[in-house]
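Before any comments, here is the structure.
The values are calculated or read from the model by the stated rules, or taken from the named source; none is laboratory data. Source: prediction; values computed, not measured. So basically every Cβ, Gly included, is an ideal-geometry build from the backbone, and we count neighbours across all protein chains shown. The accessibility values were calculated without ligands, DNA or RNA, using every heavy atom of the protein model including side chains. Shrake-Rupley method; radii C 1.70, N 1.55, O 1.52, S 1.80 Å.
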Amino acid sequence: SGGAVWRDIRTNTCLHTGTTQLTRKARIFVSLAKNTPASKQVIMAREQDPLLSAEEGKNYTAPQESARPQPTVRFNIKFNESYSEVQVPKAKPIRRVHFHGSSHISVLFQMYGSVWPAVIPYCLFNVLLTYAVFITNRYTDINLCIGDSGHSFMSMLIAFLIVTRAKLAYGRYMEARHYLQIVYRVSRDLIQNMCVMTQHSRSEGAKKWRRDVAYRTIVLLRVTMAAIEFNSNEEESAWDTVPESIRSSRTKSVMTSRASLERQLSSLAHGSRTRSDENFRAPLVLAHALRNEILSQRSGDRIKTRRADTKTPMHPNEERVLYRYVTEFITAFHGLKKLVTTPFPFPLVQMGRTFLFVYTYTLPFALAHSMHHPLGAMLMIFFITYGYLGLEYVAMELDDPFGDDPNDFDDLGLARVVFEDIYMNIYKVDGKESLHILRHQVAERLEKSGALEDLRSSICKDMMHTSLDVLSAS
């Protein structure tokens, strides 16, 4: 009979068929329809709004798409045979750090995501060095003790440098999270406002326009995540996540290889460019395409319903609102780019680390002068080394919060939650058929294995076509 299963929703999964199910940040009841192995029927029951959360144990009736949505609904989404053929590869699993702040034992002894694995070798080496100093002083005529007055003065400088570096690194960490939150919020607000402002038009052209804007927003957000992660994980280029379909139609006639185009276009550059520079250029190109897509609603084949006051599909102020969201997105992206491309000041890092190692590994010689019991000195050295080097490693961990490390942001997982919110906005205005088309478009062109084509060649072709036109005109 198919059976049923409750699943706990995770933010690092996304909506697709053939391999998984419709996911939300709630508990969703998934029922496999009888005698339809290639289809899935997802029933979400909730109160107030089906697009935000789900409540278990309640049944509601689904409203008609033409009717105004009611506070309590129940809706079914059934995927057809052709849609379920899209096979989306599973994302690389990333285990993030989770801990229970109320459990002191788990916080003290959790190794995953901690600096203990990195710091313990330094602590053990310093402990052995302390033991060697005490043994040498006790059983030989060699005196390795030094005065501790210098370390008393140096400790204040070390504490200032280490704490300042950790504080600045934490500030950069939270600033990066702030910019990420702006990117996610703007992506949601752009699609939600677009759907609300144009819901008066239900023509096929209007539905296609809303899907295209939503699709380009998803691509822009996905490419932005790849761009900011490139320095940490160079396996995936931002350009490699851009679908082949986003290109100028006139570039198809230019049959020139990418390598040849890059050699010809290199003469237009004002200097050498790294792969990181090229990756940060991709979101800017896609933002231009998104603005053009928003502007395309002025054409007659898109939104055919005209306003009575302005005789246009949308009011100019409404257009300005959508453009402002794109501008906010790019502003936040430039903030992320600033943090990624501006490293921590090297002189401060070098000075702090120099004093840190000098102070830490000469401290055993100073303690041997004032302490007579090696066990107490070794215990003190262990925790002093852990404290100072641990803070340095914390700062190093916070310096680069983008990537696959345990303490890095789950930026791609949060972006996929935004994708799902965009799908739900499209569903609410245009229905499940339009939602299926958009999801199939994302799965086929953006996520399907082998479908991620490099758009850079298309951009190069477009630029070469333009440059050839300019040269021929001159």
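Summary of values
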| item | result |
| --- | --- |
| Residue match in segment 362-370 (condition: aliphatic (A, V, I, L, M) and farther than 21 Å from Gly150 by Cα) | no |
| Residues within segment 187-212 that are among the small types (Gly, Ala, Ser), open to solvent by less than 10 Å² (accessible area, probe 1.4 Å) and assigned to a helix (DSSP H, G or I), tallied | 2 |
| Subset of segment 368-408 [open to solvent by less than 20 Å² (accessible area, probe 1.4 Å) and of a type outside the set (D, E, K, R)] | Ala368, Ala377, Ile381, Thr385, Leu389, Gly390, Ala395, Pro401, Phe402, Gly403 |
| Some residue of segment 292-309 being basic (Lys, Arg), over 25 Å from Tyr184 (Cβ atoms), open to solvent by less than 80 Å² (accessible area, probe 1.4 Å) and not in a helix (DSSP H, G or I) | yes |
| Residue within segment 311-323 that is open to solvent by 70 Å² or more (accessible area, probe 1.4 Å) and either touching a residue at least 12 places away in the same chain (Cβ under 8 Å) or in contact with a strand residue (DSSP E or B) (Cβ under 8 Å, 6 or more places away or on another chain) (or both) present | no |
| Of all residues making up segment 123-144, the number that are open to solvent by 70 Å² or more (accessible area, probe 1.4 Å) and either touching a Leu at 6+ places or on another chain (Cβ under 8 Å) or of a type in the set (Phe, Trp, Tyr) (or both) | 3 |
| Residues of segment 112-121 classified as in contact (Cβ under 8 Å) with a residue 40 or more places away in the chain and either over 25 Å from Leu398 (Cα atoms) or crowded, with 19+ Cβ neighbours inside 10 Å (or both), total | 1 |
| Filter result for Ala238 (among the aliphatic types (A, V, I, L, M) and either on the phi > 0 side of the Ramachandran plot or modelled with pLDDT of 90 or more (or both)) | no |
| Any hit, segment 291-310, residues being within 24 Å of the chain's Cα centre (by Cα) and within 25 Å of Arg177 (Cα to Cα) | no |
| Extreme residue, farthest from the chain's Cα centre (by Cα), among residues of segment 154-186 that are of a type in the set (D, E, K, R) and surrounded by fewer than 16 Cβ atoms within 10 Å (Cβ to Cβ) | Lys167 |
